[in-house]
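Here the structure comes first, spelled out in structure tokens, and everything after it is commentary.
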Amino acid sequence: MTAAARWVGKEVVRKDAYEKARGLTKYASDMFPENLLWVATHRSKYPHARIKRIDVSKALKMPGVVAVFTHRDVPNNRYGVFVKDRPVLCDDRVRYIGDPIALVAAETKEDAESAVEEIEVDYEPLPVVTDPIEAMKDSSYPIHDGGNVSRRTRITFGDVSKGFSQSKAVVENEYRTSTQIHAFLETEAGISYIDEKGRITVVAGGQSPYRDQHEIVSTLNLPPEKVRVIIPQVGGAFGGKDDISVQIHLALVTWKTGRPARLVWDREESFLSGTKRHPSIVKMKTGASADGRLMANDVEIIYDTGAYVALGHAVLDVAIENCNGPYKIPNIDIKAWLVYTNNMVASAFRGFGAPQVIFAMEQQVDQLAKELGMDPVEFRLLNALRRGDVMVFGNRLETSVGIAKCLEAAKNTPLWSRQADFKAVKTYPWIKRGVGVAAAVKGYTIGALPDRGTISVELLLDGGIAVKGSFTEIGQGVVQSVSQIAAELFSVDIDKVEIVFADTDKTPDTSVTSASRQLFLAGNALKEAAKNMIKHVAQFIEKTYNIKVDNLRFENGYVVGRDFKISFSELANAMARSGVEREVSGTYEVPRVQPIPGSLEIPHLFYMFGVSLALVEVNTLTGAVSVPKLVSIADVGKVINPQTLTGQLEGAAAQGIGYALLEDPKIENGILKTTNLSTYLIPSIKDIPEIEVIPVEDAEESGPFGAKGIGEIGIISVAPAIANAIYDAVGVRPKSTPMTPEKIYWLLKNKC
Amino acid sequence: MRLRLSKQFSFVLNGEAVTVTCPPAYTLLEVLRHVLHLTGTKDGCSSGDCGACTVLLDGRPVHSCLTLISQVEGRNVVTVEGIGENVPKCYAEEGAVQCGYCIPGFVVTTAAFLEENPSPTEDEIRDALRGNLCRCTGYVKIVNAVKKAAGGIG
Ligand code: FES
Ligand code: FES
């Protein structure tokens, strides 16, 4: 590494951007292999029913139909990362309205779609359970064997009753948050074919090629070497492509027919059958002493996972871990439940369980500050975790903790320091302005679960390098960040770095692209690969040229020793001539922490922090809330590329605004009524305000060049900052999302 | 069930005459993507809600997912592949491209808009792009890209 960074921290335009903007990039949905079969899915018409009979005979006789598949074609018809509770194709029962029952493969799209309508299923409707509180009762109809509580746990530290007795102010509330739909612009999509080595190859939008491969081989009972998964550029994911969607279905069709296949969900299927953010009920009783110290937090968390667990067990852990905010609290008592209902399936969504509980906690904190007559930022600063502190779970924080820096930055932001000026701006008499703040914490990497990743680097004959890893490009820019880190570590021009990603045939396992872990993992593995490459090259040079080398380093496209210098291309060619391996790998493993009793992955070793400030305008006549300005502050460790970084935080802020105000899925008796983008509204360019991003760099020594994860932190504190701003403006506190005009209108009406 | 009988349709696509054979109920989006495999034009909803499928029909931006192929007979279609390089370049340089799935639609809308209004205000930009949805960017950099393409900055 050269002294002054050439690529890390630089605003370099993303290499993939221009091609995407010209429409030249091929996403999975853009692929049409020769001789393909179009696949369509027959889905459940009931949110909960027993299947008495599936008759595909009519469908099979329809024009163009090549095959129809049901559960009978799936050797092991259950999958799932934590609990194998989800059928590839439903057999005895359907558990939500989009549950897949059969697949039709046909010569044309129209043939497939018409034949799907001809599949006959006899149902015996079962009681529909949609309220998680009802679902938890013993009297409720069990959606799975073993009842509707998929996971329950309780974690206590200290003694909350003692904490409350030492408190001057105690607030107690119940909060609810709604389902949020990812609504990525490219729906779940993929193709499949037999590749030149005879492998069933699935090319589909996803977040983890090796995990998708694992789910395919375990359900279809195939040897892993028979199945290859490739994840090309993905048109948005945000956690919503962390689970299986089209992958097993595609593999099944190609396996059984030998032909290429294409399966792309339409928008309605995506809304019904894609995973969602867990709706939540969170009860919190929180106390603080007269001098403003948080003393106790008594919490009940209920997350509705819908029909299947998906990644719910881990999501619940993140909720437990983050429900105390980025604060020191000596006494906590957290009870948590993950509950089955006949609602749509919930799983990963940016923030992974943290936004729901932070929505609650950050409003608790705001109320406590008010009751104690303290400034909300000062109150948070007083309680903020600092490096070396013992966290609520008894774990000592030995890594970067940037929350105080974020809060200091918030304090110095004009929107906070001169908030009176912002609030004094007069528009109409019925418009009231307010400013709110909220803070957030979230672990990155997979916490106390094993977490490792491998990257390999190949020296190319033209003097470039190829960096290979199974990370996926879901829009976040990891390919660009990895390129910049590679260019820095190998001291080559960024144009000399080629990235090969997300192909189980060509790239080593860097594990999942989620939990904001990939930049950190891939970057660190790349560092190891660079070290190993130095060793490998040194050996080669010693052997080939018979000279002793030490202090080898990469410098501007050359390998430089004490008294010699050889260009990358010369070296690569020499190695090729001698038949020496030009590819070297490096592995990084996150140091293991012991999970605390009652948890799967708590605590994390590494945390990211953030603060949002929101300025709102509340229309007191209609209840409508708008956000003229939002400030997003995040502790990112070290900025690798300012442009992709601000892009991530701006996008997260926009999704947070949607979650807070706009995104309102109407679900009646398990049936989603808002199945398109004109009824489920995501923010348009008219809904998004001026967003100011302030990165705070509290370097993480274990991170690549000091960098931390960044993908999720930006969304977590947005909704509570808006809620707190609404209170500041009009003195009512909406305790549920979305904070729609109706809700605010009635709160205002009932107040006077 | 849709009409299966195929018919021939001719139109001009990015400056070249093309003839396709397909059912008359096909939309222009289906013809572009499924028949011609010209995939720069994206399908985000097939229902006129997202703008990812925007193309120019006789110079005016339309949702190709709501335009039947029969309406296109004899007319002039320009897709993102036929748009000049300035607008896409500005989107790339301003960091407005993340997953990029929505961007071709934005590029086409922007190109048509700047043709009509070469030096727009920010409000005019936001009005022009209100029918295009992006889930990744928060739109900040998209506005900057349009300003840059208009010669406003950079
Ligand atoms: S695909 Fe046409 S508007 Fe969405
Ligand atoms: S860049 Fe992903 S939807 Fe716009």
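None of the figures in this text is laboratory data; all of them are computed from the coordinates on show. All values derive from a computational prediction rather than experimental measurement. Cβ: placed from backbone, ideal geometry, glycine included. Neighbour counts: every protein chain shown.
Structure notes:
- Formal net charge of residues neighbouring A:Asp563 (Cβ-Cβ distance under 13 Å; K, R +1; D, E -1): +2
- HN-Hα J in Hz across the range A:49-57 - Karplus 6.51, -1.76, 1.60, θ = phi - 60°, x for Gly and Pro: 6, 7, 8, 9, 7, 10, 10, 10, 4
- Computed over chain A, relative contact order equals 16 percent, with contacts defined as Cα pairs under 8 Å that lie 6+ residues apart.
- Long-range amide H partners of A:His48 with built H, under 5 Å: A:Leu126
- 3J(HN,Hα) along the range A:741-750: x, 4, 4, 5, 4, 5, 4, 5, 4, 6 Hz, from the Karplus curve 6.51 cos²θ - 1.76 cosθ + 1.60 with θ = phi - 60°, whole Hz, x for Gly and Pro.
- Proximal charge balance of A:Val217 [Cβ under 12 Å; K/R count +1, D/E count -1]: +1
- Checking every one of the GluC sites (Glu not before Pro) in the range B:29-110 against DSSP loop status and a limit of 15 other Cβ atoms within 10 Å picks out B:Glu73, B:Glu85.
- Relative contact order computed over the range B:7-80 (Cα-Cα under 8 Å; 6+ residues apart), in percent: 38
- Amide hydrogen proximity for A:Arg387: with H placed 1.01 Å from N in the peptide plane, the residues at 5 or more positions away or on another chain lying under 5 Å are A:Val401.
- Shape of the protein assembly as shown, Cα gyration tensor, a/c cut at 1.5: rounded
- Charge sum, other residues only, whose C-beta stays under 12 Å from B:Leu13's C-beta, Lys/Arg counted +1 and Asp/Glu -1: -1
- Only helices enter the 222 nm calculation for the protein assembly as shown: every DSSP H run of n ≥ 4 contributes -39,500 (n - 2.57), and dividing by all residues gives -8000 deg cm²/dmol, rounded to 500.
- If the chain linking A:Glu583 and A:Asn556 were pulled fully straight, counting 0.36 nm for each residue of separation and taking away their Cα-Cα distance, it would gain 7.8 nm.
- The range A:373-487 shape via C-alpha gyration tensor axes, a/c threshold 1.5: oblate
- Within the same chain, aspartates and glutamates fewer than 8 places from A:Lys15 are excluded, and of the rest, those with a Cα less than 15 Å from its Cα are A:Glu473, A:Asp493, A:Asp495, A:Glu498, B:Glu93, B:Glu94.
- The lysine pair tally for chain B, using Cα distances under 28 Å and a gap of 8 or more places or different chains, is 8.
- Applying a DSSP loop filter and a limit of 13 other Cβ atoms within 10 Å to the trypsin sites (Lys or Arg not before Pro) in the range A:550-632 leaves A:Arg562, A:Arg592.
- Rounded to the nearest whole Hz, the Karplus-based 3J(HN,Hα) values (6.51 cos²θ - 1.76 cosθ + 1.60, θ = phi - 60°) of the range A:557-570 follow the sequence x, 10, 9, 10, x, 4, 10, 7, 8, 9, 6, 4, 6, 4, with x at glycine and proline.
- Computed over the Cα atoms of chain B, the ratio of the radius of gyration to the Kirkwood radius (Rg/Rh) comes to 1.00.
- Given A:Lys52/A:Lys673; A:Lys442/A:Lys468; A:Lys411/A:Lys468, the pairs whose alpha carbons are separated by over 31 Å: A:Lys411/A:Lys468
- Trypsin sites (Lys or Arg not before Pro) lying in DSSP loop within the range A:27-111, provided at most 13 other Cβ fall within 10 Å: A:Lys61
- Backbone amide hydrogens, once placed in the peptide plane, bring A:Glu692 within less than 5 Å of A:Leu630, A:Val631, A:Ser632, excluding anything fewer than 5 places away on its chain.
- Mean separation of Cα contacts under 8 Å (6+ apart) over length of chain B, as relative contact order %: 23
- Seen from all directions on average, the range B:83-149 presents a Cα convex hull projection of 3.8 nm².
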